[in-house]
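Comments concern the structure below.
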Ligand code: ADP
Ligand code: MG
């Protein structure tokens, strides 16, 4: 299977602390790869390195062979490395559907002016995307809520975050703890949804510490401990790995 994203010997130091230490792995096309590890293992730092929010001390990240580390985050996003939007970047006073349409414009750089003015002179591109926006919303179980104001979404902001990410047509979607704050039922629904996106051809990298969910959702798993990669493999390989068991028992 082809490699979508390649992380090579990436290291991040904060003063004397090595938060991520010479980590290498790749994410294959159309797989779900999860990064797990105890608190402080370096997951969030690795996530920021991959999405270009942090510059590595050494090592690099390549997307489809092209070096992306060192680029500004919005440039990396435009090249296709898209992290799900934080709640705060959602336009809370706009409808769920309009949030998705705006995200599409931001990527395609189409003019937002006509859209905001509501002049009714949508280009054919806007009209065409209106339909796929609805398809994205349907995929994420948000179809019924398309006309709802974003701020009124009950637990939908995570799904909306993913919808917004999808609208930007990513090569790889990065999910930062997508199950945080969810109960079991919501988690299982999100697991099924993300796997459906993978089945449709999306490549997904997620950072998460809900172990049961990670075991269910992942094609492969990378385990970090004290900044280093200590294991990589399928969920069953990871569950049987002595180093992984030790790292988690010790935490
Ligand atoms: P995780 O997400 O796995 O819990 P982090 O990547 O947040 O781990 O942190 C890894 C280590 O790097 C921790 O020891 C943390 O205190 C340290 N760290 C993270 N960000 C910074 C920063 N901006 N400055 C200094 N130390 C940091
Ligand atoms: Mg973290």
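Assorted remarks:
- Residue check, residue 37 modelled with pLDDT of 90 or more and under 19 Å from the mean Cα position of the chain (by Cα): yes
- Test for residue 44: is it surrounded by 14 or more Cβ atoms within 10 Å (Cβ to Cβ), within 16 Å of ligand 1 (Cβ to nearest atom) and either within 16 Å of residue 162 (Cα to Cα) or in the same structural domain as residue 135 (by TED's automatic domain parsing) (or both): no
- Among residues that are at pLDDT below 95, closer than 18 Å to residue 227 by Cα, within 12 Å of ligand 1 (Cβ to nearest atom) and under 14 Å from the mean Cα position of the chain (by Cα), residue 51 is not included.
- Test: residue 163 is within 21 Å of the chain's Cα centre (by Cα) and modelled with pLDDT of 85 or more: yes
- Against the conditions (1) modelled with pLDDT of 95 or more; (2) away from ligand 2 (no atom under 16 Å from the Cβ); (3) within 30 Å of residue 216 (Cα to Cα), residue 85 satisfies every one except (1).
- Unmet criterion (only one of (1) within 16 Å of ligand 2 (Cβ to nearest atom); (2) more than 30 Å from residue 152 (Cβ to Cβ); (3) in contact (Cβ under 8 Å) with a residue 24 or more places away in the chain) for residue 61: (1)
- Residue among 32, 75 that alone is farther than 16 Å from residue 8 by Cβ, buried (at least 21 other Cβ atoms within 10 Å of the Cβ) and either away from ligand 1 (no atom under 15 Å from the Cβ) or at pLDDT 95 or above (or both): 32
- Test for residue 68: is it within 30 Å of residue 150 (Cβ to Cβ), away from ligand 1 (no atom under 12 Å from the Cβ) and buried (at least 18 other Cβ atoms within 10 Å of the Cβ): yes
- All told, residue 26 meets the bar of being more than 16 Å from ligand 2 (Cβ to nearest atom), free of Cβ contacts under 8 Å to residues at least 60 places away in the same chain and under 23 Å from residue 210 (Cα atoms).
- All told, residue 144 meets the bar of being over 20 Å from residue 104 (Cβ atoms) and not assigned by TED's automatic domain parsing to the domain that holds residue 32.
- Among the residues of region 195-218, the ones that are more than 16 Å from ligand 1 (Cβ to nearest atom) and within 13 Å of residue 30 (Cβ to Cβ) come to 10 in all.
- When the strands (runs of 3 or more DSSP E) confined to region 3-98 are screened for residues that are farther than 23 Å from residue 237 by Cα, those reaching at least 2 such residues are found at 3-14, 17-28, 58-63, 81-83.
- Candidates 212, 178 - the one that is crowded, with 18+ Cβ neighbours inside 10 Å and touching a helix residue (DSSP H, G or I) at 6+ places or on another chain (Cβ under 9 Å): 178
- Options 96, 61: the member that is at pLDDT 85 or above, closer than 30 Å to residue 15 by Cβ, crowded, with 18+ Cβ neighbours inside 10 Å and in contact with a strand residue (DSSP E or B) (Cβ under 9 Å, 6 or more places away or on another chain): 61
The values are calculated or read from the model by the stated rules, or taken from the named source; none is laboratory data. Everything quoted here is computed from the prediction, not taken from an experiment. No Cβ is skipped: glycine too gets one built from the backbone with ideal geometry, and neighbour counts run over all protein chains shown.
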